[in-house]
Amino acid sequence: MANNKPTLYTCLSPALLHLYDLRNAVVVIIDVFRATSTIASALHNGAQCVIPVDEVAKAIALSKNIDGSIAAGERDGQIAEGLQHGNSPLEYSRDFIENRTLVLTTTNGTRLLQMALDNDADTIITGSFPNLSAVCDFLVKQNKNVVLGCAGWKDRYNLEDTLFAGAVISRIKENFTIHCDSSLSAELQYDLAKDDLHGFAPKLTHYHRLVDRFGLIEDIRFCMTPDIANVLPLYKEGMLLRG
């Protein structure tokens, strides 16, 4: 009997993205610390949309042409020079972001999204633990091939993005054909950490980059909490909207 299930692959670094066929797939952009967590937070709290851009200058220029917009982003974990707002999911409370447009640039996540566009991705969504269920529900409903794209850190592998990929796989694997060692590895690592994600976080190098240098422990807690901002950011015509 033929297996008609769609396929699922995990891309562990942007540097490997060119190896995957994105043309008929849903691509999930994963940047747990912190871009895709921030995107979920902003949309959950009523942002009209999030416009991801790959350069600070683009964010500033674009925000000047959109009434009520906010140019925000980071480089190397800090608010980028020339911007007043950063990449913290806690910064975008409802009373601040509701009905506004967030123009966001980050070191890894928004760059990966642009790469997916450049490689003819069919459908793009963003995912992190705060919107885990929304991502899983969408992928099952779409019944299309999936590439879980980990943003990593400056093209290097990181564990928190892989853990999220593993969380997705553990929930939806029965609906997909998976012959992919990176997906197997992601699920195995998630199985080791899933009972205490917050307790596991201090093992992560990016945790120390954000907490030891900048004290962002509450950001980390938000980013590792499933379904705390359970919306589906769907990319359409240059914007991430609530799907």
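The values are calculated or read from the model by the stated rules, or taken from the named source; none is laboratory data. If you're wondering where the values come from, they're calculated on a predicted model, not measured in any experiment. Here the Cβ is made from the backbone with ideal geometry for all residues, glycine too, and neighbour counts use every protein chain on show. Accessible surface is based on the protein model in full, side chains and every heavy atom, while ligands, DNA and RNA are left aside. Shrake-Rupley method; radii C 1.70, N 1.55, O 1.52, S 1.80 Å.
Observations on the structure shown:
- Highest-first arrangement of 27-39, 105-117, where packing means the average Cβ count within 10 Å: 27-39, 105-117
- Length added when fully stretched, S133-E81, from 0.36 nm per residue minus Cα-Cα: 15.2 nm
- Extending 7 Å from Cα along the Cβ direction at D120 and again at I217 yields two label points whose distance is 5.0 nm.
- The listed residues D219, D181, once ranked by accessible area (1.4 Å probe) with the largest placed first, stand as D181, D219.
- Between H179, H206, H44, the residue with the greatest mean-square fluctuation in the GNM of the chain (Cα pairs under 10 Å linked by springs) is H179.
- Only protein atoms count toward the accessible area here, which uses a 1.4 Å probe; on the chain, the carbon and sulfur part of that area reaches 47 percent.
- Taking L216, L197, L19 as the candidate residues, the one with maximal mean-square fluctuation in a Gaussian network model of the chain, Cα springs under 10 Å, is L19.
- Accessible area in square angstrom per residue, the chain, 1.4 angstrom probe: 44
- Under 13 Å, Cβ to Cβ, from G46 - net charge with Lys/Arg +1 and Asp/Glu -1: +1
- 222 nm mean residue ellipticity, helices alone, for the chain (DSSP H n ≥ 4; -39,500 (n - 2.57); rounded to 500): -11000 deg cm²/dmol
- At the residue level, D120 shows approximately 100 square angstrom of accessible surface with a 1.4 angstrom probe and all protein chains present.
- Full-stretch length increase - Q142, E237 - with 0.36 nm per residue and alpha-carbon distance subtracted: 32.3 nm
- Efficiency of FRET from Cβ geometry, D95 and D155, R₀ 41 Å, rounded to 0.05: 0.65
- From the coordinates shown, Rg/Rh (Cα atoms, Kirkwood Rh) corresponds to which of (i) 0.95; (ii) 1.06; (iii) 1.01: (i)
- Table column - 3J(HN,Hα) (Hz), segment 156-169, Karplus curve with 6.51, -1.76, 1.60, x for Gly and Pro: 8, 4, 9, 7, 5, 5, 5, 4, 5, 4, x, 5, 4, 4
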